[in-house]
Structures are given as C-alpha cells and as structure tokens.
Amino acid sequence: ETGVTQSPTHLIKTRGQQVTLRCSSQSGHNTVSWYQQALGQGPQFIFQYYREEENGRGNFPPRFSGLQFPNYSSELNVNALELDDSALYLCASSLDTSKTQYFGPGTRLLVL
Amino acid sequence: GQQLNQSPQSMFIQEGEDVSMNCTSSSIFNTWLWYKQDPGEGPVLLIALYKAGELTSNGRLTAQFGITRKDSFLNISASIPSDVGIYFCAGRGGSGTYKYIFGTGTRLKVLA
C-alpha cells in the first residue's frame, strides 16, 4: 500500500504566475483535502474533494481552485500568485470525508 | 485563519523526561488528532481520538480526549532525541463538518 505522494517537492514562481500542484491519494482513499502551511504556523484548510466534487472550502479566494480525478488523485491550482502564497502546500487523503487524514510530504512553493 | 490554542509553544527537555502538552478549542469537537511534523516534511499521524474521555496510547505516547470535548492532551514518556519536532493537534466538529482545524504547534527539543 503506497502512501500519499505529492509533486513537485519544490517550486519557485514569480508574482502573477500560475501554479499546479499534484497529489496522489493513498490506495483506497476517495477524499483529498488541501492545506496551506505558512512558516511557523499550523496547516490551514483550503478545500476538500470527495469523489471528484468539492466538498467544502476554507477561507481562501477563488484563485485557489482544484480538481479531483476518477482515480481520486487531485490537483491544486493557484492563479495570479502573490508573495504571501509562499508556503508548504499539503495534501491529505482519507477513506471518506469523516475519516482520519493522512498527509503527503508537501510541496514547498516560493513566490518571488 | 482559525487555529486552536496549543501550549506550551515550545519546550526544551532532557532526554528521559516526560512531556505534556495540550490543545484547547472554543468549539466542541467530535474528533481529535495528534500529528508530529519534522522540518520540511508533512505531518505524520500519531494518535486519533473519537470519544470524549477516551485515552489512547501509541508506544510512549498517550493522548486523551477531554470530557468537555473542547480540549485534548498529549503525553510523551521517557523522551528520546528522535522525539524532536513540532507536534500539532487537529480537531473536527460534528457530522457534516468536513474540515480539521489545526493548533499552533508545540516545538519540542530534547537535550541528550
């Protein structure tokens, strides 16, 4: 059984650009949640996808969007990047929306 | 964004000592999770708690779901150098609540 994987591990972008981050959920998990973790802070919930539909959203602007695919892998897209978007982006998968979440290693995004 | 209060924020302890940390919320939660995060990596699940008053152990770690459902506690016995890291609590409310709210983290340093 493979765990949650994320790609890329690191990314550098400039302000105004767009970025796509990817997550493969743990085998058998149909729910993926995305979090943003700024330096020195706890993870902040961005949104959750369940069976290819958005199942809930945190306090993030619409330029943060996502997708979930039939194999339950997921993408996080961020448009019009801002300096404050620099953070570790974590994805977590779970058996369903109410179950324990298991995290991937994260993608560290730096916006210059 | 919303974060739970964790204390202490950081602690230095001697190897072999016991450690206690706690997490408090203004809301009632139905699930409490405890994670450990090493630098540059994603959080790793330590213990999951699903019922008020529940006491669960994982090796040298013991966590409790507070009876008020607004707090949780994590104890580490006989600390070792590899216990170094940041410990996060995460809580989730009732049915239909999809997101976990994370604490601010407790940074643990163990002196050999």
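The values are calculated or read from the model by the stated rules, or taken from the named source; none is laboratory data. Small disclaimer: the values here were computed from a predicted structure and weren't measured. Neighbour counts are summed over all protein chains in view; Cβ atoms, including those assigned to glycine, are modelled from backbone coordinates with ideal geometry.
Only residues that are part of a strand (DSSP E or B) and facing chain B (nearest Cβ under 7 Å): list them for the stretch A:93-107, please. Within the stretch A:93-107, A:Tyr102, A:Phe103 meet the criteria. If the condition is being surrounded by 21 or more Cβ atoms within 10 Å (Cβ to Cβ), touching a residue at least 40 places away in the same chain (Cβ under 8 Å) and within 11 Å of another protein chain (Cβ to nearest Cβ), then the stretch A:26-45 contributes A:Thr31, A:Ser33, A:Trp34, A:Tyr35, A:Gln36, A:Gln37, A:Pro43.
Between A:Ala38, A:Ala80, A:Ala92, A:Ala87, which is closer than 20 Å to A:Gly3 by Cα and of a type in the set (Gly, Ala, Ser)? Don't jump to the end; show me each part of the working.
On the way: A:Ala38 fails: closer than 20 Å to A:Gly3 by Cα; A:Ala80 fails: closer than 20 Å to A:Gly3 by Cα; A:Ala87 fails: closer than 20 Å to A:Gly3 by Cα.
One residue alone meets the criteria, A:Ala92.
If we keep just the residues of the stretch B:93-108 that are over 15 Å from A:Asn55 (Cα atoms) and modelled with pLDDT of 85 or more, which is farthest from the other protein chains (Cβ to nearest Cβ)? Within the stretch B:93-108, the match that is farthest from the other protein chains (Cβ to nearest Cβ) is B:Leu108.
Yes or no, residue by residue, for (1) at pLDDT 95 or above; (2) not polar (S, T, N, Q):
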position	(1), (2)
A:Thr9	yes, no
A:Val19	yes, yes
A:Glu52	no, yes
A:Asn55	no, no
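Could you please let me know if A:Arg63 is among the basic types (Lys, Arg) and at pLDDT below 95? Outline the logic, then answer.
Details: among the basic types (Lys, Arg): yes; at pLDDT below 95: no.
For A:Arg63, the condition - among the basic types (Lys, Arg) and at pLDDT below 95 - is not met.
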